[in-house]
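We did not get these values from a lab; they are worked out from the coordinates using the rules stated. From a predicted model like this one, the values you see are computed outputs, not experimental measurements. Backbone-built Cβ (ideal geometry, glycine too); neighbour counts: all protein chains shown.
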Amino acid sequence: MSDLETAVAIAALLLRMTLGVTMLAHGWNHVWGGGKIAGTARWFGSIGFRAPKAQAWLASITELGAGVALVVGLLTPLAAAAVAGTMTVALVANHIRNGFFIFRPGEGYEYVAMILVASLALAALGGGEWSLDELAGIGVDPVTGLGIGAGGVVLGLVVLAIFWRPKPRSS
């Protein structure tokens, strides 16, 4: 393997592990942490989602499934697209109105935007040399991978259009 190939393999592994473990932890917390799935559903309802229990389960299962797939590097562009879609929903529904910094009241969008962009980069990069994708001979070119990742963003916007009805902001 050339130095560039080794660098790409390392980058893909680091992105996969970081995003995968983060999404696993987030999904785990939605289902089994704090207020469990009922609390997650209450929160989804509080920010304007119709069918909040269904949305809580959809988000949680997506985060858990995408997290596992990223950790092992299986169907990486699709798993990255799932993360991109989830982060698109989080960005629009909760974070963008609060400014950039996460420490702002209501939590700004720096965290979810970083995860969203990293997931798109990983969709383009693919699972890398040390992944189940590589072992199984599964791969797509970078532009197709990025397109798959962007499809996750589109699906996130569709979820918002169908299920999100935010309350008007008080002045």
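Miscellaneous remarks
- The set of residues in the range 127-149 that are among the polar types (S, T, N, Q) and closer than 21 Å to GLY67 by Cβ contains only SER131.
- Under the condition of being within 21 Å of THR62 (Cα to Cα) and either β-branched (Val, Ile, Thr) or touching a helix residue (DSSP H, G or I) at 6+ places or on another chain (Cβ under 9 Å) (or both), the residues counted in the range 139-169 number 19.
- Pairs are defined by a Cβ separation below 9 Å, a sequence spacing of at least 6 or placement on different chains, a first member in the range 120-149 that is in a helix (DSSP H, G or I), and a second member that is surrounded by fewer than 20 Cβ atoms within 10 Å (Cβ to Cβ) and of a type in the set (Ser, Thr, Tyr); the pairs so defined are ALA124/THR144.
- The set of residues in the range 48-57 being surrounded by fewer than 16 Cβ atoms within 10 Å (Cβ to Cβ) and among the hydrophobic types (A, V, I, L, M, F, W, C) consists of ALA51, ALA54.
- Helices (runs of 4 or more DSSP H) wholly inside the range 1-98 containing at least 3 residues that are closer than 20 Å to GLY126 by Cα: 3-32, 52-72, 76-90
- SER60 surrounded by 15 or more Cβ atoms within 10 Å (Cβ to Cβ) and either within 19 Å of VAL159 (Cβ to Cβ) or under 14 Å from the mean Cα position of the chain (by Cα) (or both): yes
- Among the residues of the range 150-168, those that are surrounded by fewer than 19 Cβ atoms within 10 Å (Cβ to Cβ), touching a residue at least 60 places away in the same chain (Cβ under 8 Å) and not hydrophobic (A, V, I, L, M, F, W, C) comprise GLY151, ARG165, PRO166, LYS167.
- Taken as a whole, the condition of being under 14 Å from the mean Cα position of the chain (by Cα), under 18 Å from GLY156 (Cβ atoms) and among the aliphatic types (A, V, I, L, M) applies to VAL89.
- Every residue from the range 94-119 that is among the hydrophobic types (A, V, I, L, M, F, W, C), farther than 15 Å from VAL83 by Cα and surrounded by 14 or more Cβ atoms within 10 Å (Cβ to Cβ): ILE96, ILE102
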